[in-house]
Amino acid sequence: MALKRKTGFLFEEIYLWHDASMGAFPLEPGHHFENPETKRRFRDLLAVSGLLEGLHSIKTIPATEDDLARFHTREYIARIKRLSAERGGEAGEFTPFGPGSFEIALLAAGGVIRAVEAVVTGAVENAYALVRPPGHHAQPDRGRGYCIFGNIALAVMYARAKLAVTRVAVVDWDVHHGNGTQQAFYEDPNVLTISIHQDNLYPANSGNVGENGAGRGIGYNLNIPMPPGSGGGAYLAAFERLIVPALRRFKPELIVVASGLDAAGFDPLGRMMLHSEHYRRLTRLILEVAGDVCAGRVVLSHEGGYSAVYVPFCGLAIMEELSGIRTEIVDPFLELAQSWSYQELQSHQEAAIDRAAALLARIK
Ligand code: ZN
């Protein structure tokens, strides 16, 4: 049993009011992949399990337009604000939004900023920001893949501007490539960005091993594109052979995890095979390295995850590990997912990890 920790949790009801439905023929109106249910049910399972009572609630405030402008262009911010005040619109690619989403997106970005602040100032030991809309695909001048503003990039930039933090590592375990976070720090040797994702899933032609940083940032962006069908064996090997050693070499002052839960085997958009115990193990690995290099300072920021049935169980396992509080809830799908063939590391998956691990020495 892990030691009980002071773990922060951030969630706002209004995150669920962001409307990302596509709203255009020939898609029947109603549920779209990025809908509130995964987030609502994650939060509700925390409540039903009793874990929520053991967490330290963090209140968000909206990010300011100056906060946004550390990463986004003023033109883009003004366009989203104007469309949101009218009837909504399209932020770029696959990022439709309804009226009021500008203000909700400010609260999402502000939420991750507040979670980072709470951890950096020592108000809590670690934290999970269950925000919506997600952020890791957003670019300076356009939204992509359901993401309007780059929540994590903005929080890291805030920490460096306002909280006297210099070195930050971002580990993105969402099944899609964290292209926006990569872009934000591509030439920056003080922010190590690591993304493990399904090879060339989304965005198209993004996240290959060769994208390793530029200028002074060469070596400080790591992509680990994994074959579809990768299971716990592949993820654990990638963490043990590459991600954890990279974090130990880099010695960040803070680790931020882009916590997409769409690498789970039941996810409709990803083709990976993780289950809740894998997310628990990955969380433990992050906490262990964080304990050694940055006094346990870890913030997880929610990204994707599209199975309303299964996301809550992965989320609960993560929160149990973060807080050291074990509830009595048992993942009802765990036994089945554990019995799936090919959960162990396969040779073609190992080759993919080795290709990325060859870049480890570039981290000073
Ligand atoms: Zn995703």
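Results, tabulated for the structure shown:
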{"quantity": "Low-density loop cleavage sites - trypsin sites (Lys or Arg not before Pro) in the stretch 43-116, where at most 12 other Cβ are within 10 Å (DSSP)", "calculated": "Lys59, Arg87"}
{"quantity": "Rounded FRET efficiency, nearest 0.05, which uses the C-beta distance separating His32 from Glu240 and R0 of 56 Å", "calculated": "0.95"}
{"quantity": "Likely footprinting exposure, Ser57, Ser101, Ser21, Ser259, fewest C-beta neighbours within 10 Å first", "calculated": "Ser57, Ser21, Ser101, Ser259"}
{"quantity": "The chain: DSSP helices with Cα axial extent of at least 24 Å and average Kyte-Doolittle hydropathy no lower than -1.0", "calculated": "101-120, 276-293"}
{"quantity": "Residues in the stretch 186-229 reached by a label modelled at His348 [backbone nitrogen below 17 Å; 7 Å Cα→Cβ]", "calculated": "197-201, 225-229"}
{"quantity": "Local electrostatic count, Pro99, Cβ distance below 12 Å [Lys/Arg +1, Asp/Glu -1]", "calculated": "0"}
{"quantity": "Candidates Pro225, Pro203, Pro26, ranked by Gaussian network fluctuation over the chain, Cα under 10 Å, top entry", "calculated": "Pro26"}
{"quantity": "Of Asp188, Asp267, Asp292, the one that fluctuates the most in a GNM where the chain has Cα springs shorter than 10 Å", "calculated": "Asp292"}
{"quantity": "Nitroxide proxy distance, nm - points 7 Å out along Cα→Cβ at Ala361 and Asn200", "calculated": "2.9 nm"}
{"quantity": "Leu16/Ala161 FRET efficiency (R0 30 Å; Cβ-Cβ; nearest 0.05)", "calculated": "0.50"}
{"quantity": "Isotropically averaged projected area of the chain, using the convex hull of Cα atoms (one quarter of hull area), nm²", "calculated": "16.5 nm²"}
{"quantity": "Gap separating the Cα centres of the stretch 57-108 and the stretch 210-274, nearest whole Å", "calculated": "28 Å"}
{"quantity": "Under 13 Å, Cβ to Cβ, from Val330 - net charge with Lys/Arg +1 and Asp/Glu -1", "calculated": "-3"}
{"quantity": "The chain - mean residue ellipticity at 222 nm from DSSP helices (-39,500 (n - 2.57) per run, n ≥ 4, rounded to 500)", "calculated": "-10500 deg cm²/dmol"}
{"quantity": "Calculated P(r) of the stretch 1-73 - Cα pairs past 20 Å, %", "calculated": "55 percent"}
{"quantity": "The stretch 229-364 shape via C-alpha gyration tensor axes, a/c threshold 1.5", "calculated": "oblate"}
{"quantity": "The stretch 306-356: GluC sites (Glu not before Pro) in DSSP coil with no more than 13 other Cβ atoms inside 10 Å", "calculated": "Glu328, Glu344"}
{"quantity": "Nonlocal Lys pairs with alpha-carbon distance under 24 Å, the chain (8 or more apart, or different chains)", "calculated": "10"}
{"quantity": "Longest segment of the chain lacking chymotrypsin sites (Phe, Trp or Tyr not before Pro) that sit in a DSSP loop with at most 13 other Cβ atoms within 10 Å", "calculated": "1-339"}
{"quantity": "Inter-label distance, nm, simple model (7 Å from Cα along the C-beta direction), Lys59/Phe25", "calculated": "4.8 nm"}
{"quantity": "Rough spin-label spacing in nm, given labels placed 7 Å along Cα→Cβ, for Asp141 and Arg87", "calculated": "2.8 nm"}
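Laboratory data are not the source of any read-out in this text; all were calculated from the coordinates shown. Note that the structure is predicted; figures quoted are calculated from it, not measured. As a convention, Cβ positions derive from the backbone with ideal geometry for all residues, glycine included, and neighbour counts pool all protein chains shown.
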